[in-house]
Structure formats: C-alpha cells, structure tokens
Amino acid sequence: MQHADLTALRDAIATGAASAEAACAAMLDAADRLNPVLNAYHETFRDHALAEARAVDADARAGRPLPPLAGVPVAVKDNIATVLGHTTCSSRMLGNYRSPFDASAVERLRSAGAVTIGKTNLDEFAMGSSGEHCHWGPVRNPWDTARVPGGSSAGSAAAVAAGLCAAAIGSDTGGSIRQPASLCGIVGLKPTYGRVSRWGLVAFGSSLDQVGPMTRSVRDAALMLDCMSGLDARDSTTADRPATALAATVERPVEGLRVGIPRQYVSGANDPEVNAAVQAAADAYRAMGATIVEADLPLTDVGISTYYVIAPAEASSNLARYDGIRYGHRAQLRPGEDLFTLYARSRSEGFGPEVQRRIMLGTYMLSSGYYDAFYKRALQVRRRIKEEFDRAFAECDVLLGPTAPTPAFGFGANADPLAMYLCDVYTVNTNIAGICGVSLPAGHAVRDGKHLPIGVQLQANAFEEDRLLRAARMLERAFAERNAKARPAVSA
Ligand code: GLN
C-alpha cells in the first residue's frame, strides 16, 4: 500500500492500520525492481530493515508507546556514515569503507524509530548538480529516465520520488538537497547552518555543509528535522538550541506573511516555465492574503564565483586526508617507487575527474600569493552576501524564487563544468549566508511528452525554519491540484 507521505505511513503503523514490515517489504521489492533503471541505491539492507520493522509492528500490537518515526523506511545519502553497509561517497577512494559509527543525524533518526532501508548514490563526494558523477554509474530521473535527477543528493531524490523509501536524508553544501528535490518533484530542506549536526557527514565544505530531509511533503520535512536537529557535543558548530518542534505548528498559516521576490531571481536566463511557476506561487500567496514585496539581492550573480572559491578551497583541505595510507584507496607500488608516488597514484586512481578539478582549484586558490586574491576576497564577499540577506529580511519573512533555472536536463547537456556550476545560482547563497531554504513542487513542464517537475524555493533567515515551513505548507496546500496532475513515469 502506498501512503501519501511519511507522516501518513507513521500514523497508519501506529494505529495498526498498516504493517511496518509490509510497507518496508513493498519498498524493498520496488527498489529491487526499479534500481537497475534508476540506480538510486548503492545498497539496501533487507534483512536488517525487515527485522526492525517487525519489531515495531510487535510494539504497535502490544500497545507500547512508539517514537515519532517508528517503522518508517528512510534512505541515507552515502556520504553520511552508517554502521550498516558501506559509506562510499560514490567514490572509488572509499569504495570498501565501512564506518565504525553512525552519523549523529542517523543515530537520532534511528532512536526516533526510523528504519534505515539503504544508502543512496550521489555525485562523488557531493560535488555535482546532476547525479552523473557517481563512480558506479549515473542516477536517472524517475520522471524521465533520459534526464538527470539533479545532484548531488541524486539517489535520495530519485528514491523518494519513485516511492522506494518514505523519506531520505541528503547533504546540502550549495544546493544538493534542494536542486535534486526540485528536479524530482519532492520537498528538500536545507536547514540553517548549525541546526543539524555534521558529525559523521563526510566533510566537503565544512563552513557550508548541512544535513537535511528530502520528503514527499512539507510536514514530513518538519517532522524529520524535529528528529535530527539540536545541539551535539560532537560537532562544535551546532547551535546551542534545542531540537525543533515544527511538526506541531506546520499546519498553521503565517499571519500577515510578507513574501519577498528578489528582482534578480526572475531572470530572462531562466526557463520561462520556471518563471511562470514563481509567478503562480506569488499569485497563490496574494490570494491567501500575503503581501508580496519586491526585494533586491544584487549579489545574487556573484554567489557562484564566491561559492566556487570557498567550497573547493575547503574541499582541497578536507580531502587531503585521503592519502592511501591513513584513509582511502591505496595504489600498488612497484619495487623502488617512493612514498610520494604512492600518494599521487592513490589519489589519481581514487578520485574522479570532478573531485580532482575541485582539489586543484582549491589548492591553487589557497596557495601563497593567491590566497588574498581569491580566498580572502571570497570571504569578504560572503560577508556582504549575508548583510544583503539581513537587509532583505528586514522587509519580508521569506524570499520566493526558483530553485533551479530549468527543469531536469538530459545526460551530458551540462558537460561543460561552468554550465553545470550555473545550475546552482539560486541555491549557493543560502549556504554562503548560513540561512535556511526549502524547495517544494510547483507544477510541471512538459518536454518530449514527459512531465517534468518544477520547484520553487523559499528562503528564510537563520533559525527561522518555523516560519519557512509554515509558509511552504501554505503554498503546498494551494498547489495541491497543480502538483497532482502528473506522477513519475517510473515509480513503485
Ligand atoms: N552543486 C554544488 C557543487 O557541486 C553543490 C553541491 C552540494 O551542495 N553538495 O558544489
């Protein structure tokens, strides 16, 4: 039985109307059937998942109190550490790595009763916007398998959209939760920096990375965040705040909501249907009594160049640990070859081309003589971007715009790295400023006879997830009919 969303499934399990084991088995069967096409999962954990689900069913039958995610199958992006199975980052470098610990986010979801159903594919080390850079082959979009699902949380997005799990978690450094959510027609939330522990998330850009939920509804995103967020002694960058309690308030519309539309967001460079979706969202908000205000974010365009300095710089430093000795794939040495050759060959064999490009860019930009010109300058612009958002949020509660400039594109369509980087123009600044953002479905475009989802993004200031998700829920309600017009072509 397919449930509308995770919350509905959770309720059905708790009341005995559904069996956790049956729901889990159905998703695993669907994953077995569809994964050869979608390549969403790197691996699934059938025996473990079914055993856990059975235990939840027994608790439900016995009337024991159940935790908030009891029995719901959740997929985990494969750059988030799990004791179960592998944690590969879809890289040859970590091809046979098994983590001795669970990431904090995973540990919290498990203690809330969630069942880890599998690990999902990603662009290697979370670097990419299409799901094409996975060592074990690309992920396909369930709406049109000739197109990409977006990235880097490609497998998590495809698995949620195709019904191969109830929800998933991803990581977002510059858009990797929101952009694939947009291209796959689901909800993706990037929490405020510091909201969710990064402990156990394989580091990419440590000042930008956040773990967050990818779900079929806004209320699911609220519930998942509630179960994952809060101070963690193992990550000193987590904010000293209690876990959120958003599921309780998410149905309440925001009174007197002020929605800002940055004039830079409705650009002629966007697909016209993307701009039309933003316009439709503005109209829907107006009809609900919200005030639409024009906002100004002149630094929108420099976000990409700022991000593509900071993120590679941090990546080059974070990825230095994979030397083939302490961490990662180790190359074979021939007699007489030295340690340096071992490092160089291990890293050349272990990292794919996009990761190598980032390491080289980052190392160059951090090198003496270039540091001031690139990295330091990028940090100065970062500060200005943050100030610009602060000014905008003085006038409005949330900012509305596109998540991505286009719907899902074809494989190879953005083979030029610069073209690929431009896909992130509306998402990177959220991370640069450390604020929160959510992508939610806003109808479809039709291409080659196939329906392709379009997403819109809402952003709110740091730690304003309550307002962000309540505003998102308002739009989700208003768009229910619009979004119900089509379903993914490949789905459980
Ligand atoms: N697409 C962006 C990049 O390649 C964002 C990735 C992410 O958020 N992990 O860096």
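Highest mean first, the peptides 169-181, 210-222 sorted by other C-beta atoms within 10 Å per residue fall in the order 169-181, 210-222. Among 329, 133, the sequence by solvent-accessible area, most first, with a 1.4 Å probe is 133, 329.
Using the 1.4 Å probe convention, the accessible area of the chain works out to 37 Å² per residue with neighbouring protein chains retained. With r as the distance between the Cβ atoms of residue 25 and residue 58 and R0 = 22 Å, compute the FRET efficiency 1/(1 + (r/R0)^6) and round to 0.05. E between residue 58 and residue 25, to the nearest 0.05, is 0.90. Using only alpha-carbon positions in the chain, the gyration tensor eigenvalues give semi-axes of 31, 29, 21 Å once each is multiplied by 5 and square-rooted (largest first).
Averaged over residues, the count of other Cβ atoms within 10 Å places the peptides 240-252, 277-289 in the sequence 277-289, 240-252, highest first.
Within the chain, helices built from complete DSSP H runs that reach 18 Å or longer along their own axis (Cα positions) and carry a mean Kyte-Doolittle hydropathy of -0.5 or higher are 20-38, 272-287, 302-318, 353-366.
Ligands, DNA and RNA left out, the 1.4 Å accessible surface of the chain is 53% carbon and sulfur atoms. Rounded to the nearest 20 debye, the dipole magnitude of the chain is 300 debye, with +1 charges on Lys and Arg beta carbons, -1 on Asp and Glu beta carbons, and the Cα centre as origin.
Looking at the chain only, what percent of DSSP beta bridges run antiparallel? Nearest 5 please. Of the beta bridges lying entirely in the chain, close to 65 percent run antiparallel. For residue 463, the amide hydrogen comes within under 5 Å of the amide hydrogens of 192, 436, counting only partners 5 or more places away or on other chains and with H modelled in the peptide plane.
With unit charges on the beta carbon (Lys/Arg positive, Asp/Glu negative), name the residue among 274, 479, 135 whose Cα is farthest towards the positive pole of the charge dipole of the chain. Result: 135. When a/c reaches 1.5 or more, the comparison of a/b and b/c decides; with that in mind, is the range 306-395 rounded, prolate or oblate per its Cα gyration tensor? Prolate, because a/c is 1.5 or more and a/b exceeds b/c. Across the chain, C-alpha contacts under 8 Å between residues 6 or more apart give a mean separation that, scaled by the residue count, equals a relative contact order of 18 percent. The magnitude of the dipole of the range 342-492, with charges of +1 and -1 set on the Cβ of Lys/Arg and Asp/Glu and taken from the Cα centre, is near 240 debye. Measuring from centroid to centroid over Cα atoms, what is the spacing of the range 367-391 and the range 457-492 in Å? The range 367-391 and the range 457-492 have Cα centres separated by 32 Å.
The values are calculated or read from the model by the stated rules, or taken from the named source; none is laboratory data. Because the structure is a prediction, the values reported are computed rather than measured. Because the Cβ atoms are built from the backbone with ideal geometry, glycine has one as well, and the counts that use them run over all protein chains shown. Note: areas computed on protein heavy atoms with side chains; ligands, DNA, RNA excluded. Shrake-Rupley method; radii C 1.70, N 1.55, O 1.52, S 1.80 Å.
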